[in-house]
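The values are calculated or read from the model by the stated rules, or taken from the named source; none is laboratory data. Since this is a predicted model, take the numbers as computed values, not measurements. Heads up, the Cβs are rebuilt from the backbone with ideal geometry, glycines too, and the neighbour counts pull from every protein chain shown.
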């Protein structure tokens, strides 16, 4: 891939150079020491991927990400000294369109770099997402079974998101009242090391409780469960969530498609499937399967997306019952909670 580096610390730049150039598959096309330079150079020569620092003099990484995605969009990976210590900035950058985040590699004597494998793994994941349509999980190749009559706790709200997702989720969840009657499960493309921080941050944005989904959890009204591991979140049976490594060929873990597919196989009630902003195509086929089985599906509109990738893929498949802005999605969910769903397919 053609990769650009944005960082004002010489040692950090050198560490990233060594990691990137250590792979024959990648080249460095340009470097920038602040956000202003990054935006200018990105628009003059758009790379496949930008390795973006958060804290820089002048224009910081969050605003640089926002401007790049508005003017000359490309894949952006936040590379910061400590993801855990900069969670709020990471979530802001992801809300602006960054795909993921990783700690900056550190030079060690005699010339090796600590964190090389972590950075290369993130780059490889992004390469798969932007390089070609992700392979469909094997489980999606067969038509899923139609859901059986619903359980007492009723309809499930299932939401998938990627780049731009944290901010989009926060905006939607802010519309929901504390007595919202449906269980909610979120699958956001996020590294497990800062999933707890995302759950805590989202918890502050809504009167509902937000926490990480644990093995064996049962979705329930009043609680929002967030996929929190580098594994796929699925329904193991009609009442119980689980984590799995299968299918192994998905570009992202957790995968929205894999989660939506497990709903088709196990959840016995009604579903509102929602696909939000993100790069790639994850979730589009799963959303279509939900719609084809009589469930209500919603995708985010282009104007309100930080990255119109996953919703665009859903539009190409005619997967959504409705295409709505973030505010409209929040209002629609609040209405559904108060009055029930009117499904139009």
For the stretch 287-297, state whether one or more residues are buried (at least 22 other Cβ atoms within 10 Å of the Cβ) and under 22 Å from residue 97 (Cα atoms). yes
Could you look through the stretch 174-233, keep only residues that are part of a loop (DSSP other than H, G, I, E, B), in contact with a helix residue (DSSP H, G or I) (Cβ under 6 Å, 6 or more places away or on another chain) and more than 24 Å from residue 270 (Cβ to Cβ), and pick out the one that is modelled with the lowest pLDDT? 194
Of the conditions (1) in contact (Cβ under 8 Å) with a residue 12 or more places away in the chain; (2) closer than 30 Å to residue 67 by Cα, the single one that residue 334 does not satisfy is (2)
Hey, can you tell me all the residues within the stretch 295-321 that are more than 19 Å from residue 255 (Cα to Cα) and either outside the structural domain of residue 166 (by TED's automatic domain parsing) or out of contact with any strand residue (DSSP E or B) (no Cβ under 9 Å at 6 or more places or on another chain) (or both)? 303, 316, 318
Number of the exception - residue 36 against (1) at pLDDT 95 or above; (2) under 21 Å from residue 306 (Cβ atoms); (3) under 25 Å from the mean Cα position of the chain (by Cα): (3)
Please find, among 170, 158, 248, the residue that is assigned by TED's automatic domain parsing to the domain that holds residue 328, outside any strand (DSSP E or B) and at pLDDT 90 or above. 170
Reported set for the stretch 84-105 where residues are assigned to a loop (DSSP other than H, G, I, E, B) and out of contact with any helix residue (DSSP H, G or I) (no Cβ under 6 Å at 6 or more places or on another chain) is none
Looking only at the stretch 33-54, filter to residues that are touching a helix residue (DSSP H, G or I) at 6+ places or on another chain (Cβ under 6 Å) and either part of a loop (DSSP other than H, G, I, E, B) or not assigned by TED's automatic domain parsing to the domain that holds residue 14 (or both); which one of those is farthest from residue 124 (Cα to Cα)? 54
Residue 253 vs. criteria modelled with pLDDT under 95, surrounded by 18 or more Cβ atoms within 10 Å (Cβ to Cβ), closer than 30 Å to residue 89 by Cβ and out of contact with any strand residue (DSSP E or B) (no Cβ under 7 Å at 6 or more places or on another chain): no
Tell me the residue from 73, 57 that is in contact (Cβ under 8 Å) with a residue 40 or more places away in the chain, in a loop (DSSP other than H, G, I, E, B), within 15 Å of residue 307 (Cβ to Cβ) and not assigned by TED's automatic domain parsing to the domain that holds residue 196, please. 73
Among the listed residues 176, 169, identify the single one that is surrounded by 22 or more Cβ atoms within 10 Å (Cβ to Cβ) and in contact with a strand residue (DSSP E or B) (Cβ under 9 Å, 6 or more places away or on another chain). 169
In the stretch 1-16, how many are surrounded by 16 or more Cβ atoms within 10 Å (Cβ to Cβ) and more than 13 Å from residue 123 (Cα to Cα)? 6
Confirm whether residue 139 is assigned to a helix (DSSP H, G or I) and either at pLDDT below 85 or over 24 Å from residue 308 (Cα atoms) (or both). yes
So if I check each of 192, 163, which one is assigned by TED's automatic domain parsing to the domain that holds residue 259 and touching a strand residue (DSSP E or B) at 6+ places or on another chain (Cβ under 7 Å)? 163
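A quick yes/no check of all residues on (1) under 26 Å from residue 48 (Cβ atoms); (2) surrounded by fewer than 20 Cβ atoms within 10 Å (Cβ to Cβ); (3) modelled with pLDDT under 90:
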residue	(1), (2), (3)
99	yes, no, yes
105	yes, no, no
111	no, yes, yes
120	yes, yes, no
129	yes, no, yes
133	yes, yes, yes
146	no, yes, yes
